[in-house]
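Everything below concerns the one structure shown next.
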C-alpha cells in the first residue's frame with residue numbers, strides 16, 4: 001500500500017497563526033521535517049503578502065531551502081493563479097498546489113469568480129507549472145460542505161474533477177475546507193472519483209473542527225486515497241477562535257501507521273521533537289496527541 | 001443500522017478526576033444525558049470507596065435516579081465481583097458492566113489473579129446479575145494492547161470471548177484500556193469475533209491517547225459493532241497527567257452520526273449544553289470538539 005505524507009503545517013497551519021514566525025524558525029522546522037522523511041512539504045503560499053502576512057517570506061524561504069537541497073522530500077507551494085506559479089518557478093518550488101472551490105459563494109468571495117471560471121483559471125496556471133516540468137496537485141476546495149452554502153452537490157465536485165482530468169491533471173485533492181466531512185461521505189465521494197477513473201492519484205485534506213479528521217483519513221485510506229495532508233503538532237487550531245480547526249497532527253498519523261507496520265522509514269521521534277518545539281515556541285498546548293505522551 | 005450509545009462519562013470519565021464532583025451535580029448531568037436520549041449510561045462503579053473515592057456515592061446516586069425513573073435510558077453500573085453485583089441489585093441498577101483483563105500482568109495487578117481465573121470470577125458474578133433479570137455486558141480489558149505487556153495475543157482475547165459465549169453471555173465489549181488500538185487492528189479483532197459467532201452483540205471502548213478514538217469507533221462500526229462507549233465532553237482526559245486519555249466525546253459522535261442521517265432522535269443541543277456545563281464546572285477546556293463550536 002502506497003501512503004504519501006503531505007505536510008501542510010508550514011502553509012495551512014501557520015497561516016492560522018496571528019504571531020509571525022521568524023524565517024529562521026520556519027526554516028529550522030521544515031528542515032527537521034525533511035530529515036524525518038516526510039514525502040511532500042507545503043512550504044508556503046505565493047499569495048499577496050498583505051493578504052496573508054504569515055506567508056510574506058515564502059519566496060525567500062524556498063530559496064534558502066532549495067540552495068543546498070539533498071533531501072528527497074518534495075517542496076511544494078500553494079498558488080492561486082499564473083502569477084503565483086511564476087513566483088514559485090522563480091524561487092525553485094518543486095511542486096505546486098492549486099485549487100478552486102466547489103462552493104459558488106466561497107469561490108466568488110475568494111477569487112471574484114464562480115466555480116467554473118475559477119476552475120479554468122486554476123487549470124491554466126497548473127499547465128504553466130506542468131510545462132515547466134513541475135509536479136502539480138489540483139484541489140477541489142469545500143468539497144464536503146461549505147460554511148456559507150451548507151451541503152455541496154457531489155455532482156459539482158465530480159464535474160470539477162472531470163475538468164482536471166480532461167486537462168491532464170491527475171493528482172487530485174479533495175479539501176474539506178471547513179471541516180464538514182464525515183467518514184461515510186468521504187468514502188462515497190472518493191469512490192465516485194475512482195469510478196470516473198481508477199488510476200487518479202487522490203489526496204485528501206481534512207480539518208478537525210468536529211473531531212473527525214483521523215476518522216476521515218482512515219475512511220479515505222480504505223477506498224484508495226494515497227496522499228494524506230497532515231500538519232506537525234496539529235497546527236492550525238487557533239486558541240483564540242472558538243473553533244479548533246487544525247489538521248490531523250503529522251506525528252499522530254505516523255504513530256498510527258507505524259503501529260500498523262507501515263511507513264517504518266519515517267523518523268517518528270524526530271517528528272515528536274519538532275512538535276514539542278512548536279508547542280514551546282507558541283507557549284501553548286497544541287492539538288496533537290502523541291507529542292504529549294512521555295517517551 | 002442499529003447504533004447504541006453507551007455513555008461512560010459518569011463512570012470512566014469522572015473516576016479520572018481528582019476533584020470529587022458533588023452528588024447533586026452528577027445527578028443533574030446524568031438526568032440531562034437521560035433527557036437527551038442516550039441509550040445506556042454507566043452511572044458509576046460498585047467498587048471499594050477507598051480505592052476510587054469519586055465512585056463512593058454510586059449506590060446513593062442509583063437510588064435517587066431509580067426512584068422516579070420514567071426514561072427509557074438503561075442505567076448501568078460497573079462491578080468487579082459478586083459483591084459488587086449484590087450492591088448494584090440492592091440499589092436498583094438495571095444493567096451491569098463486568099470485565100477481566102486479557103493482560104496477565106494487568107489482571108494480576110488489578111485483581112490478584114491471572115486472566116483465566118479473573119474471567120471465571122467475572123462469569124460467576126455476571127450469572128448472578130442475569131439470574132436477577134438484569135442486562136449484562138462483559139468486557140475484555142486491554143484487548144488491544146497493554147501498558148505493561150505491550151501487544152496482547154489475539155487468541156487470548158478470543159479465548160475470553162469464547163468463555164463468555166459458553167456461559168451464555170452475549171453482549172461482549174472489547175476495551176482498549178490504555179489506548180493502543182489502531183483501526184486495522186479493531187477491524188481484524190472484531191471480525192474474528194463475528195467469525196466465532198455472527199450474532200454476538202459487540203461493544204467497543206476506546207481511549208484517545210493517540211488521537212485514534214474516533215477512527216477506531218468508525219472501524220468498529222464498519223465491521224458490525226453496534227454499541228459505542230463515549231463520554232460527555234470527552235471526560236477522562238486528565239489535565240495534570242501528560243497523557244490525555246479520555247474517550248471520544250458523546251456529543252462529537254452524535255454530531256457525526258446526525259450529519260450522516262443517523263440517530264436523529266438524540267438531542268444534540270442538550271448534549272452540547274451538558275458538555276459546556278462540564279467545562280464550566282471544572283474550569284478548563286475539555287477534549288470534546290463540538291461543544292466549542294459556536295452554535
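Every residue, every condition in (1) in contact with a strand residue (DSSP E or B) (Cβ under 8 Å, 6 or more places away or on another chain); (2) in a helix (DSSP H, G or I); (3) facing chain A (nearest Cβ under 10 Å), yes or no:
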site: B:253; (1), (2), (3): yes, yes, yes
site: B:258; (1), (2), (3): no, yes, yes
site: B:263; (1), (2), (3): yes, no, no
site: B:266; (1), (2), (3): yes, no, no
site: B:270; (1), (2), (3): no, yes, no
site: B:275; (1), (2), (3): yes, yes, no
site: B:280; (1), (2), (3): no, yes, no
site: B:285; (1), (2), (3): no, no, yes
site: B:288; (1), (2), (3): yes, no, yes
**Asked** Here are some residues: B:40, B:20, B:30, B:4. Which one is crowded, with 24+ Cβ neighbours inside 10 Å and more than 25 Å from residue B:117 (Cβ to Cβ)?
**Response** B:30
**Complete:** Just one listed residue, out of A:20, A:41, A:30, is touching a strand residue (DSSP E or B) at 6+ places or on another chain (Cβ under 9 Å) and either farther than 24 Å from residue A:126 by Cα or without any contact (Cβ under 8 Å) to a residue 24 or more places away in the chain (or both), and it is A:30
**Message:** Pairs please, first residue from segment A:50-75 and over 14 Å from residue A:25 (Cα atoms), second anywhere and at pLDDT below 95 and surrounded by fewer than 16 Cβ atoms within 10 Å (Cβ to Cβ), Cβ atoms under 7 Å, 6+ apart in sequence or on different chains.
**Reply:** A:53/A:20; A:56/A:49
**Request:** Give segment A:117-127 a look and list any residue that's surrounded by fewer than 18 Cβ atoms within 10 Å (Cβ to Cβ) and in contact with a helix residue (DSSP H, G or I) (Cβ under 7 Å, 6 or more places away or on another chain), or say none.
**Result:** A:124
**Request:** Out of the residues in segment B:157-170 that are surrounded by fewer than 23 Cβ atoms within 10 Å (Cβ to Cβ) and part of a helix (DSSP H, G or I), state the one that is farthest from the chain's Cα centre (by Cα).
**Result:** B:166
**Prompt:** Does segment A:237-258 include one or more residues that are more than 15 Å from the chain's Cα centre (by Cα), touching a residue at least 24 places away in the same chain (Cβ under 8 Å) and within 19 Å of residue A:182 (Cα to Cα)?
**Reply:** yes
**Asked** Just a yes or no: is a residue in segment A:70-79 crowded, with 16+ Cβ neighbours inside 10 Å and more than 21 Å from residue A:232 (Cα to Cα)?
**Response** yes
**Asked** Inside segment B:132-156, can you point out the residues that are surrounded by fewer than 21 Cβ atoms within 10 Å (Cβ to Cβ) and within 15 Å of residue B:193 (Cα to Cα)?
**Response** B:153, B:154, B:155, B:156
**Asked** Hey, any hits in segment A:89-99 for a residue that's surrounded by fewer than 17 Cβ atoms within 10 Å (Cβ to Cβ) and at negative phi?
**Response** yes
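The values are calculated or read from the model by the stated rules, or taken from the named source; none is laboratory data. The structure displayed is predicted, hence computed values, not measured ones. Every residue, glycine among them, receives a Cβ derived from its backbone with ideal geometry; neighbour counts consider all protein chains shown.
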